[in-house]
Structures are given as C-alpha cells and as structure tokens.
Amino acid sequence: MNKKVFLQDLGLKDYKETWDYQEDLFKNTVDLKIKNRRGQANKPTPNHFLFVEHPHVYTLGKSGDYANLLISEEELAAKNAKFYKINRGGDITYHGPGQIVGYPILDLDNFFTDIHKYLRFLEEMVILTLAEYGLKAERSEGETGVWLDVGTPFARKICAMGVRASRWVTMHGFALNVNADLGYFDLMIPCGIKDKAVTSLNVELGKQEVDLNEVKEKLLKHFESLFEAELIKEKTSV
C-alpha cells in the first residue's frame, strides 16, 4: 500500500480549471489501477491532496435541486460568481475567497476501502483543527460536514463536504470557511438544508482575519495522523 500523498497548494484558481485538473489526476489513478489488475502494469497508485481557494462559485451535486440556488444567471454575473452542475454527491454549496478547499484524490485501496470511514476521517480532521482554536465542532446526524452547536436553535455549519468515488479512488472533498464572505451563502439554501445558519472561523473567533496557512498546517497535521499518510510537497504545476 502506498501511503505517500503528493500535496499541492494551487492558490486562487478558477473552479473549472481545478475541476479539470482533478479529473486528470483521478483518471490517471483509475487507469493505472485497471492496468495493474489486468497485469499490464505493476506500479503503486499515486495519492494527491490539493489545497485551493476559488473565486466566487456555486456548485450543485448530481442529486441536488437547482431550486436551492436563489438567484438568476444575471444576478450571478452581477455578483461576479459562476455556477456549475458537477459530479460529486450532495446538493448545492458555495466556494469563494477566504475559504480553504481541500481535494484529496486518494486510492483508498492504499488506506481502507470504506467511504463512510473516509468521510468521517475528513470530518475528524476539521473537528480536531477547530479544537485547536477552542471551538467544539461536531457532526450532525444525517448531515455530512462539520457543525457548531448541534441540536440547538443556534446550529451552524462551518465546513461542507461532498465527494465522488470510483474504483475506490476519491475526488472533490471539503470546504472550510475561515475568512469567508457569509453574504454569498444567503443566495442559496446551503446543501439543501433550510433554516440552519452558516458560519466562518474568523466570525467565531471574533477576528477580522485568521491566518489561512496556519489553518492549512493544522489540517495537514491531522490528515497525516488519521490516514497514517506521508505528505510530499510538490510545486504547483497548473
């Protein structure tokens, strides 16, 4: 099993460009798995972890409801935002500046073949990171992602998740609000869940801004521990 994970921080990058890059990495891993099983190759399958910030964009999962986007195409353009229907699970979500988006493209045959466990580990990575900032983050039963004040009228989501997997290879991932402009969440029904708020780390800490790189380092530390992975930093190539 290959537990080395190539890490790239893409900085601020267009959603479609990043999605295409994810698809390339995903396809290369799946294709190699097929060749290995057919005896046409005998190479370890690679694992990748991408960090990125996106310009304002709304994405709708394959089972999502377009009605959960509350503005028109013209209003999207006025907000300098884009919209894509994509191939992950889940409903609608928002990405934008001040948000840490992580895309692990892992061959789970290198770790464990359990999607439920995979999602719980991603959630745990975020929960442990937020605990370092003094926040008690939790899971909300039946709702993937990470929340604060679960089970109270003040429940609010701080991290959304949605993944795709084929032949145990993953793509898409999580979006953690760190310094996010929460006004953009008012233009949709987040993840199709009505009457629940969304928050950001800087808001919870009462700060104007939290150091994104510091949060990334904490996330990676917990990722390595949970997945027993070895991260290898790569230069950005896209």
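The values are calculated or read from the model by the stated rules, or taken from the named source; none is laboratory data. Being a predicted model, the structure only gives us computed values, none of them experimental. Reconstructed Cβ throughout: ideal geometry from the backbone, glycine too, with neighbour counts over all protein chains shown. The accessibility values were calculated without ligands, DNA or RNA, using every heavy atom of the protein model including side chains. Shrake-Rupley method; radii C 1.70, N 1.55, O 1.52, S 1.80 Å.
Could you tell me whether residue 180 is within 28 Å of residue 82 (Cβ to Cβ), assigned to a strand (DSSP E or B) and modelled with pLDDT of 95 or more?
no
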Extreme residue, surrounded by the most Cβ atoms within 10 Å (Cβ to Cβ), among residues of the stretch 183-202 that are modelled with pLDDT of 95 or more and outside any loop (DSSP other than H, G, I, E, B): 201
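Residue-by-condition table, conditions (1) at positive phi; (2) touching a helix residue (DSSP H, G or I) at 6+ places or on another chain (Cβ under 9 Å):
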residue	(1), (2)
7	no, yes
11	yes, no
22	no, no
25	no, no
28	no, no
32	no, no
37	no, no
40	no, yes
43	no, yes
Flag if residue 122 is hydrophobic (A, V, I, L, M, F, W, C), at pLDDT 95 or above, within 27 Å of residue 211 (Cβ to Cβ) and open to solvent by 50 Å² or more (accessible area, probe 1.4 Å): no
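For the stretch 139-162, state whether one or more residues are over 30 Å from residue 34 (Cβ atoms), of a type in the set (Asp, Glu) and without any contact (Cβ under 8 Å) to a residue 40 or more places away in the chain. Lay out the reasoning, then the answer.
Quick first cut of the stretch 139-162, residues over 30 Å from residue 34 (Cβ atoms) only: 139-143, 145-160.
Adding the requirement that they be of a type in the set (Asp, Glu) leaves 141, 143, 149.
Still in the running and without any contact (Cβ under 8 Å) to a residue 40 or more places away in the chain: 141, 149.
Yes, the stretch 139-162 has at least one match.
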Residue within the stretch 110-118 that is part of a helix (DSSP H, G or I) and buried (at least 19 other Cβ atoms within 10 Å of the Cβ) present: yes
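For every residue, the table says whether it meets (1) more than 21 Å from residue 8 (Cβ to Cβ); (2) in contact (Cβ under 8 Å) with a residue 60 or more places away in the chain.
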| position | (1), (2) |
| --- | --- |
| 131 | yes, no |
| 135 | yes, yes |
| 166 | yes, yes |
| 169 | no, yes |
| 184 | yes, yes |
| 204 | yes, yes |
| 207 | yes, no |
| 211 | no, no |
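Can you pull out every residue in the stretch 140-152 that is open to solvent by 20 Å² or more (accessible area, probe 1.4 Å), of a type outside the set (Val, Ile, Thr) and modelled with pLDDT under 95? First the steps, then the outcome.
Taking the stretch 140-152 first, the residues open to solvent by 20 Å² or more (accessible area, probe 1.4 Å) are 141-144, 149-152.
Narrowing the set further to residues that are of a type outside the set (Val, Ile, Thr) leaves 141-143, 149, 151.
Result: 141, 142, 143, 151.
So that you can scan it fast, the table gives a plain yes or no per residue for (1) open to solvent by 40 Å² or more (accessible area, probe 1.4 Å); (2) part of a loop (DSSP other than H, G, I, E, B); (3) in contact with a helix residue (DSSP H, G or I) (Cβ under 6 Å, 6 or more places away or on another chain):
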{"site": "130", "(1), (2), (3)": "no, no, no"}
{"site": "154", "(1), (2), (3)": "yes, yes, no"}
{"site": "163", "(1), (2), (3)": "no, no, no"}
{"site": "204", "(1), (2), (3)": "yes, no, no"}
Test result for residue 219, open to solvent by less than 50 Å² (accessible area, probe 1.4 Å), assigned to a strand (DSSP E or B) and of a type outside the set (Gly, Ala, Ser): no
